[in-house]
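Following: one structure in structure tokens, then a few remarks.
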Amino acid sequence: MATPSETILITGASSGLGLAFVKHYASLPTPSSSTPPPTIIALDKQPFPQTTIQPPTLHFHQLDLTSASELQSLASRYARTPLSLVIHCAGIRGLVASTAAQQAAGEREVARAETWQVMDKETMMRAFEINTWGTFNLIQAFLPSLLLSCSSTPAARPRVVVLSSRMSSISANAAGGAYAYRASKAALNAVVRSFVIDVPRVQFLLLHPGRVETGLVAWKEEGAVSVEESVGDCLTVLERMGKEEWVSGRLVDRFGEEIAW
């Protein structure tokens, strides 16, 4: 009997870390492996890049993660599909757009666009809508498919990996600023923590991918690593998560080191 392929859902799939995760799983299995390729459900509000090869096992859906009706409609299409892994990459930094736009090319600093002096309600609420509500909305919609995976393979707990940030840590905040991003990511952590308690059959992980060269901000931050380097490290953590006895709901960095929050 052929081994059924696992199904993986990835958000933020059109760019950055999400796209890198899609490319990795779309390249599986290796030629020497007898394991069937995973089915990938890829989600993003932006179109999938035309230059990226889409294998038959990749199913891209363009939708808004903050829309409960759109997500529930999609989830109903996969109601009988067991989900073994969710990697939630979609999110925003929460910079005040007008301040960011005013900075000259040679003087761009992320911190200037997220200070208490310039922060506004619109920016703060948008960060919470996408980073916090979007996370809850996604997990709520696809929990039935995750729990279905528990029934099909009782020995393996389905995994939900949510990209958080070291900046979500209250205890580690020694620099201040970044009001919308810090607060919305700290709230995201709290949402995941409640899911850990309420749904123990699913294993959750909060993952800080590091400072990465993605579209989270419009310019490169000092010390940022490449998407490929970050994802390579994150995949090692995910592999350990699937094999070792991990405490559900921990916040760890891309090397697997725990971050107090």
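The values are calculated or read from the model by the stated rules, or taken from the named source; none is laboratory data. Predicted, not measured: the structure shown is a model, and the values here were computed from it. Here the Cβ positions follow ideal geometry from the backbone for every residue, glycine too, while neighbour counts run over all protein chains shown.
Scan the stretch 230-261 residue by residue and report those that are assigned to a helix (DSSP H, G or I), touching a residue at least 12 places away in the same chain (Cβ under 8 Å) and either in contact with an Asp or Glu (Cβ under 8 Å, 6 or more places away or on another chain) or among the acidic types (Asp, Glu) (or both).
Applying the first criterion (assigned to a helix (DSSP H, G or I)) to the stretch 230-261 yields 230-243.
Among the residues that remain, those that are also touching a residue at least 12 places away in the same chain (Cβ under 8 Å) are: 230-231, 233-238, 240-242.
Scanning the stretch 230-261 gives a single hit, Asp233.
All but one of (1) of a type in the set (Phe, Trp, Tyr); (2) in contact (Cβ under 8 Å) with a residue 60 or more places away in the chain; (3) in a loop (DSSP other than H, G, I, E, B) hold for Phe21, so report the exception by its number.
Of (1) of a type in the set (Phe, Trp, Tyr); (2) in contact (Cβ under 8 Å) with a residue 60 or more places away in the chain; (3) in a loop (DSSP other than H, G, I, E, B), only one is false for Phe21: (3).
Tell me, which residue of the stretch 165-185 that is outside any loop (DSSP other than H, G, I, E, B) and not charged (D, E, K, R) is surrounded by the most Cβ atoms within 10 Å (Cβ to Cβ)? If you could, list the steps in order and put the result at the bottom.
Residues of the stretch 165-185 that are outside any loop (DSSP other than H, G, I, E, B), as a first pass: 166-168, 179-185.
Then keep just the ones that are not charged (D, E, K, R); that gives 167-168, 179-181, 183-184.
Working: Met167: 19, Ser168: 24, Tyr179: 18, Ala180: 25, Tyr181: 24, Ala183: 20, Ser184: 28.
Taking the candidates together, the pick is Ser184.
Just to check your reading of the model, which residue among Leu74, Leu65 is of a type outside the set (D, E, K, R), closer than 17 Å to Thr7 by Cα and surrounded by 14 or more Cβ atoms within 10 Å (Cβ to Cβ)?
On the way: Leu65 fails: closer than 17 Å to Thr7 by Cα.
Of the residues listed, the single one that is of a type outside the set (D, E, K, R), closer than 17 Å to Thr7 by Cα and surrounded by 14 or more Cβ atoms within 10 Å (Cβ to Cβ) is Leu74.
Name the single residue that is surrounded by the fewest Cβ atoms within 10 Å (Cβ to Cβ) among those in the stretch 8-60 being of a type in the set (S, T, N, Q) and within 24 Å of Asn131 (Cα to Cα).
Taking the stretch 8-60 first, the residues of a type in the set (S, T, N, Q) are 11, 14-15, 27, 30, 32-35, 39, 46, 50-52, 54, 57.
Subsequent filtering for residues that are within 24 Å of Asn131 (Cα to Cα) retains 11, 14-15, 46.
Values: Thr11: 25, Ser14: 21, Ser15: 17, Gln46: 11.
Across the stretch 8-60, the extreme among qualifying residues is Gln46.
So is Arg157 among the charged types (D, E, K, R) and within 30 Å of Leu9 (Cα to Cα) or not? Full working, then the answer.
Numbers: among the charged types (D, E, K, R): yes; within 30 Å of Leu9 (Cα to Cα): yes.
So Arg157 passes the test.
Residues that are under 26 Å from Tyr25 (Cβ atoms) and hydrophobic (A, V, I, L, M, F, W, C): list the strands (runs of 3 or more DSSP E) wholly contained in the stretch 36-134 that include at least 3 such residues. Lay out the reasoning, then the answer.
Values: elements: 39-44, 58-62, 85-88.
Filter on the stretch 36-134 gives 39-44, 85-88.
Which pairs turn up if I take residues in the stretch 133-148 that are within 14 Å of Val162 (Cα to Cα) and look for partners that are of a type in the set (D, E, K, R) and at pLDDT 95 or above with beta carbon separation below 9 Å, at least 6 apart in sequence or on another chain?
Qualifying pairs under 9 Å: Gly134/Asp64.
Has the stretch 92-111 got at least one residue that is in contact (Cβ under 8 Å) with a residue 24 or more places away in the chain and at positive phi?
yes
Can you tell which of Thr99, Thr57 is modelled with pLDDT under 95 and in contact with a strand residue (DSSP E or B) (Cβ under 7 Å, 6 or more places away or on another chain)? Show your work before the answer.
On the way: Thr99 fails: in contact with a strand residue (DSSP E or B) (Cβ under 7 Å, 6 or more places away or on another chain).
Among Thr99, Thr57, only Thr57 is modelled with pLDDT under 95 and in contact with a strand residue (DSSP E or B) (Cβ under 7 Å, 6 or more places away or on another chain).
Pairs needed: first member in the stretch 71-90, more than 19 Å from Pro38 (Cβ to Cβ); second member anywhere, among the aliphatic types (A, V, I, L, M) and surrounded by 19 or more Cβ atoms within 10 Å (Cβ to Cβ); C-beta distance under 6 Å; at least 6 residues apart or different chains.
Close Cβ pairs satisfying both conditions: Leu71/Ala141; Gln72/Ala141; Ala90/Leu65.
Going through Ser169, Ser248, Ser226 one at a time, which residue ends up being of a type in the set (Ser, Thr, Tyr) and either closer than 18 Å to Ile10 by Cα or at pLDDT 95 or above (or both)?
Checking each option against the conditions leaves just Ser169.
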